[in-house]
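Report on one structure; see the data block that follows.
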Amino acid sequence: MRHVFAIASRELQSLFVSPVAYSVMTLFAVLAGFFFLSGVLQFQEYVIRLQAFQMTEQLGELNLNDHVIAPFLHVMSVVMLFLIPGITMGLFAAEKSNGTQELLLTSPITIWELVLGKFLAAAAFVALLVALLAVFPALLFLFGDPEIGKTLAGLGALLLVGLVYAAIGAFASSVTQSQLIAFFLAFVLLLVLWMLGFLADLGAADGAMASDTVGNLLRWLSTAEHFESMVMGLVETKDLVYFAVLTMGFLVLTKTTVESVRWR
C-alpha cells in the first residue's frame with residue numbers, strides 16, 4: 001500500500017496545478033457565505049418578529065442548530081452534489097484520454113493501490129471543503145451558544161456524504177474516457193440517490209408504492225435520509241454502516257471497471 005499516498009499526492013498536485021480546484025473552492029466558499037448570511041438574517045428577522053408579538057414560549061424553543069446550522073448544511077450538501085463530480089471526473093477519464101492508463105496498469109502498482117490512491121486524493125479535497133465550511137458555523141460560537149455536539153455531527157455527516165459522492169464520481173470516471181460524460185453520469189447517480197427518499201414518500205402518499213418494504217428500501221438507499229438523521233444530532237450505527245457500505249461498494253465497482261481493461 002506504499003504507492004497509495006504517492007498516487008494521492010500526484011492527483012492532488014494535478015488538481016491544484018489546474019484551475020479546477022481553485023474554481024471549485026472559490027465557488028463553494030462564495031455560495032457558503034451567501035447561504036450562511038441569508039440563514040442568519042432570516043433567523044434574526046424571525047426572532048424580531050416573535051419579540052414584537054411577545055411570543056416568549058416560541059422564543060424559548062429557538063436554537064441556532066435547528067434554525068441556522070442544519071438548513072445551511074442541507075443546502076451545502078446539495079451544492080456538493082453539483083461540485084464534487086467536477087473534481088472526480090478526471091480521476092480515470094483523464095488517464096484514458098491521455099493514453100497513460102496502460103502505463104499505470106503495467107507498472108508495479110496494484111489496481112487497489114491505484115483506485116484507493118485516486119479516491120484518497122478526492123477524499124482529501126472533500127475534507128478541505130468541509131473544513132472551509134466549518135468556519136461559518138464556528139462564527140456562531142462567538143456570538144451565540146449552538147450545541148457543539150450537533151454541529152460536529154452535522155459536519156461529520158457532510159464529510160461522509162462527500163466521501164460517498166467522491167466514490168461515485170470515481171466510478172463514473174472509470175467507465176468512460178470523456179470527462180464530460182463522467183461528470184453528468186456522476187451527477188445523475190448522485191441526484192437519484194438523493195431523491196430516493198422523496199420518491200418513497202411521494203409514492204406512499206399517492207398509494208402508488210407496492211409495499212412498505214420497497215418504500216423502506218428506497219429510504220435506506222437515499223443519502224438524504226441518513227444525512228438528515230445525523231444533522232439532527234442522531235449518530236446511529238445504521239447511518240455509519242450505510243455510508244461505509246456505499247463508499248466501499250462503489251470503490252469495488254471502480255476497481256472492477258479499471259481491472260476489466262486488462263481483459264479487453
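Every number here is computed from the coordinates shown, using simple stated rules; none is lab data. None of the values given here were measured: they were computed from a predicted structure. Every residue, glycine among them, receives a Cβ derived from its backbone with ideal geometry; neighbour counts consider all protein chains shown.
So the values come out like this:
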| item | result |
| --- | --- |
| For the chain, built as a Gaussian network whose Cα springs stay under 10 Å, the top-fluctuating residue of Ala244, Ala70, Ala182 | Ala244 |
| Whole-angstrom Cα spans of the range 117-161 along principal axes, big to small | 40, 15, 10 |
| Lys, Arg +1 and Asp, Glu -1 on Cβ, resulting dipole of the chain about Cα centre, debye, nearest 20 | 1040 debye |
| Residue among Leu50, Val235, Leu83 farthest towards the positive dipole end of the range 2-263, charges placed on Cβ | Leu83 |
| Helical contribution to [θ] at 222 nm, DSSP H n ≥ 4, -39,500 (n - 2.57), averaged over the chain, rounded to 500 | -27500 deg cm²/dmol |
| Separation of the Val245 and Val192 label points, Cα + 7 Å toward Cβ, nm | 1.8 nm |
| GNM flexibility winner over the chain from Phe198, Phe36, Phe82 (Cα, springs under 10 Å) | Phe198 |
| Proximal charge balance of Val231 [Cβ under 10 Å; K/R count +1, D/E count -1] | -1 |
| Candidates Leu41, Leu142, Leu15, ranked by Gaussian network fluctuation over the chain, Cα under 10 Å, top entry | Leu142 |
| Distant alpha-carbon pairs in the chain (separation over 31 angstrom), percent | 34 percent |
| Cross-link reach list, lysines versus Lys96, counting only Cα pairs under 28 Å and skipping chain neighbours closer than eight places | Lys118, Lys255 |
| Surrounding net charge for Leu155, when Lys and Arg each add one and Asp and Glu each subtract one, Cβ distance under 15 Å | -2 |
| C-alpha center-to-center spacing [the range 64-86, the range 123-178] in angstrom | 9 Å |
